[in-house]
Amino acid sequence: MRPFFSRIIKPWLALTAAAVLAGASQQACTKESSAKEPGAPAAQEVGRRENGVHVVELAVTEKGYEPSPVQLKKGEPVKLVVTRKTDLTCATELVMDEYKIDTKLPLNTPVDITFTPNQSGTLKYGCAMGKMITGTFVVD
């Protein structure tokens, strides 16, 4: 009985545990931002202006980046103050390829990210894992 357990059952248990963990991790990363859903809200101008800089506070939650979508102005400097409020693995950094931004987001700690939108249109950002948790800026 012992060889059967060691050669068959132990590897099977290890594979099962790995599959469960992989599935849980993937499930934690599959929430799309509400900006992609039909009937999603229109972009809203949020935040405040400080010395010519548009300051926008974003929270990363189980629902994604909030608020989203956010209205920005082309050529106006932006300072994002991003606070991760969830321990989902996909929420641990913010990536915005167009501006070469890849910033780690420690849990419950505000992080400043600055950039200046230089093109009008939709600007998507999200997690490093294929942007499974996303947000959107609409730049006018």
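The numbers here are math on the coordinates, done by the rules we state, and not lab data. This one's a predicted model, so the numbers in the text were calculated from it and none came from an experiment. Neighbour counts are summed over all protein chains in view; Cβ atoms, including those assigned to glycine, are modelled from backbone coordinates with ideal geometry.
With a simple spin-label model that places each label point 7 Å from the Cα along the Cα-to-Cβ direction, the separation between E76 and T114 comes to 1.7 nm. Remark: for residue pairs K85/K124; K74/K104; K10/K85, the C-alpha separation exceeds 32 Å in K10/K85. When each of the peptides 99-112, 78-91 is scored by how many other beta carbons lie within 10 Å of its residues on average, the order from highest to lowest is 78-91, 99-112. Note on D102 and E45: the model spin-label points, each 7 Å out from Cα along the C-beta direction, lie 3.5 nm apart. Mean projected area of the convex hull spanned by the Cα atoms of the range 34-139, taken over all viewing directions: 6.1 nm².
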